Amino acid sequence: ELSAMAPESAPVTVSFMALEPTSVVEIVEEVMKRHTCPLEVKQRALTCFTKLRERFENSADAATLEKIQNLVKKYEGSSSLELQLRSCEYGALLNAIKGVSVKGGDGDDIFGANQGSESVSETVKTAAKEALARMPVVD
């Protein structure tokens, strides 16, 4: 009971200051830039950027959101097949959530949007958001 405690052992309130979205993105980016950064960490960082893009949708400025999108896209041409695959898949997922159709050639995009259409349906947006929500934070 609190009443039985001595004044010097009363509970102390601890509060944490939230980091700005820009700071969070910069920290993860700095880790990825290190020459000693293992491939597995880079893979998890791409997952992190993808999850942060959705989390910061309503709290980050447009420049930070665009930076996240570019950091995910940056590895589309990576020599690591796993980084390349994640980059392409996560980029398509983020575009679908934004409602943007990205063509991969002459046919439909990866979500089956009709050629000539610049946007995806609400069903695709919802499915992409659900896929992102189910994606593990750490894989």
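The values are calculated or read from the model by the stated rules, or taken from the named source; none is laboratory data. Note that this is a predicted model, so its numbers are computed, not measured. Cβ placement follows ideal geometry from the backbone for every residue including glycine, while neighbour counts extend to all protein chains displayed.
Condition check for Thr64 on (1) at pLDDT 95 or above; (2) β-branched (Val, Ile, Thr); (3) surrounded by fewer than 18 Cβ atoms within 10 Å (Cβ to Cβ): one failure, at (3).
Only residues that are small (Gly, Ala, Ser) and in a helix (DSSP H, G or I): list them for the stretch 5-48, please. Steps first, please.
As a first pass, look at the stretch 5-48 and keep what is small (Gly, Ala, Ser): 6, 9-10, 15, 18, 23, 45.
Answer for the stretch 5-48, where residues must be small (Gly, Ala, Ser) and in a helix (DSSP H, G or I): Ser9, Ser23, Ala45.
Per the conditions (1) under 18 Å from Leu132 (Cβ atoms); (2) under 14 Å from the mean Cα position of the chain (by Cα), the sole criterion not satisfied by Lys74 is (1). Out of the stretch 129-138, which residues are within 11 Å of Thr50 (Cβ to Cβ) and either buried (at least 16 other Cβ atoms within 10 Å of the Cβ) or modelled with pLDDT under 85 (or both)? Those that are within 11 Å of Thr50 (Cβ to Cβ) and either buried (at least 16 other Cβ atoms within 10 Å of the Cβ) or modelled with pLDDT under 85 (or both): Leu132, Met135, Val137.
Within the stretch 55-79, the set of residues being closer than 17 Å to Ala18 by Cβ and in a helix (DSSP H, G or I) comprises Arg55, Thr64. The lone criterion from (1) modelled with pLDDT of 95 or more; (2) surrounded by 10 or more Cβ atoms within 10 Å (Cβ to Cβ) left unmet by Pro21 is number (1).
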